[in-house]
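Visitor: The structure follows.
The values are calculated or read from the model by the stated rules, or taken from the named source; none is laboratory data. As the structure is a computational prediction, the values presented were derived from the model and not from experiment. Neighbour counts run over all protein chains shown; Cβ positions are idealised from the backbone, glycine included. Accessible surface areas use protein heavy atoms only, side chains included; no ligands, DNA or RNA. Shrake-Rupley method; radii C 1.70, N 1.55, O 1.52, S 1.80 Å.
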Amino acid sequence: MSSKFESSIREIKYPQAVVYKNLSDLSNLERIRDRIPQDKLEDLTFDSDHIGIKVPMAGEIKMHIVEREEPKTIKFETQESPVPFTFWIQLLPVDDATCKMKLTIKAELNPFIKGMVQKPLMEGIEKIADVLQTIKYE
């Protein structure tokens, strides 16, 4: 059964193209490593197309970018995860200096698993959106 989880829509005070350029190359994450709560992540590894994290109780999650639609969408799929899922970042222009962002996770979850992971997934996607909203995208 397919389940979709979406973040709230966030406004980012940078142009859509600038935000896209930064987020579509995962090696740019180096600049925000210090903002990721250490109690949530044991290890974080990344290069331009891949990201890996160890999450307490969930184990290792590895994702890679499978699609880039400049300047509006970056889509990821899991390579390694207890639950396979897709994750994408959508960016839409508001004006020349501002854009809107929404994060979406889509996973095949049975009702039992969905009941267990729904709250942590929603909290997690909002925390990711918080971090992405506060980055200085110069």
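Visitor: Ranked from the most accessible area to the least, with a 1.4 Å probe and all protein chains present, what is the order of 14, 20?
Guide: Ranked list, largest accessible area first: 14, 20.
Visitor: Could you work out the helix-only [θ] at 222 nm for the chain, with each DSSP H run of four or more residues adding -39,500 (n - 2.57) and the total divided by the number of residues, to the nearest 500 deg cm²/dmol?
Guide: Values: 2 runs with 32 residues, N = 138.
Taken over the chain, the calculation gives -7500 deg cm²/dmol.
Visitor: Can you tally the net charge around residue 87? Count Lys and Arg as +1, Asp and Glu as -1, for every other residue whose Cβ sits under 13 Å from the Cβ of residue 87.
Guide: Numbers: positive: 4, 62, 75, 102, 106; negative: 6, 67, 77.
Around residue 87, the charge tally is +2.
Visitor: While we're on this one: Which three extents, in whole angstrom, do the alpha-carbon atoms of the chain cover along their principal axes, largest first?
Guide: Largest to smallest, the principal-axis extents are 45, 29, 25 Å.
Visitor: Within the set 72/136; 106/136; 54/136, which residue pairs have Cα atoms separated by over 21 Å? Write out the running numbers ahead of the final one.
Guide: Values: 72/136 18 Å; 106/136 28 Å; 54/136 26 Å.
Table pairs above 21 Å Cα-Cα are 106/136; 54/136.
Visitor: Quick one: dipole size for segment 89-138, taken about the Cα centre, charges +1 on Lys/Arg Cβ and -1 on Asp/Glu Cβ, in debye to the nearest 20.
Guide: On the way: 7 positive and 7 negative charges, 53 e Å.
Once rounded to the nearest 20, the dipole reads 260 debye.
Visitor: Once Lys and Arg get +1 and Asp and Glu get -1 on their Cβ, which of 66, 132, 110 lies farthest toward the positive end of the dipole of the chain?
Guide: Positive-end residue among those listed: 110.
Visitor: Counting Lys and Arg as +1 and Asp and Glu as -1, what is the net charge of the other residues whose Cβ lies under 11 Å from the Cβ of residue 68? All intermediate terms of the calculation are to be shown ahead of the outcome.
Guide: Values: positive: 21, 72, 75; negative: 25, 49, 67, 69, 70.
Combined, the nearby Lys, Arg, Asp and Glu give -2.
Visitor: Only Lys, Arg, Asp and Glu count, each charged at its Cβ (+1, +1, -1, -1), so figure out the dipole size of the chain about its Cα centre, rounded to 20 debye.
Guide: Details: 20 positive and 23 negative charges, 77 e Å.
So the magnitude is around 380 debye.
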